[in-house]
Amino acid sequence: MDTTGYTKKGSPFLKAEIVSKSPNVLYEIVGEAMVVKNQKFNTERLHIPVRNGNEEYTFDCSSTNARVISESVGAESKKWIGKLLKLSIYRTKTKEGKMVDAINVDLVK
């Protein structure tokens, strides 16, 4: 997988605040997902390039959200390209005990 197109500078991460401002917006998956290592927590995360209109974001996808997408479309992320995600926000506790907003995949079209 050539990640050049997905790692360009300037593609901001999709934040819960963005999703909460537009709860009915669908986000189109526009590229293949890639696994990245989080050095701080020594974990792996899935980054998915998504678009809402002209705005492109990197969706830092949890393993639970990845399972939801995989159950709908299949495990191969190339098959995810062009699919639409309906997202919502929920509250969760970090490992440090802080309550934060997080993004949940509600539906894959």
### Message
Rounded to two decimal places and with Rh computed the Kirkwood way over Cα pairs, what is Rg over Rh for the chain?
### Response
0.94
### Task
Grab region 10-108 and count how many Lys pairs have their alpha-carbon atoms under 23 Å apart, sequence gap of 8 or more, or different chains.
20
### Task
Tell me the label-point distance for the pair K98, V30, using the 7 Å Cα-to-Cβ offset, in nm and rounded to one decimal.
2.9
### Query
Want the number for L84 to S20: 0.36 nm per residue separation, take away the alpha-carbon distance, what's left?
21.3 nm
### Summary
Here FRET efficiency (C-beta to C-beta, N42 to E71, R₀ 22 Å, nearest 0.05) is 0.20
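Where a number appears in this text, it was derived from the coordinates with a stated rule and is not lab data. The shown structure was predicted, so the numbers you read here are calculated from the model rather than taken from an experiment. Note that we place each Cβ from the backbone using ideal geometry, even for glycine, and neighbour counts take in every protein chain shown.
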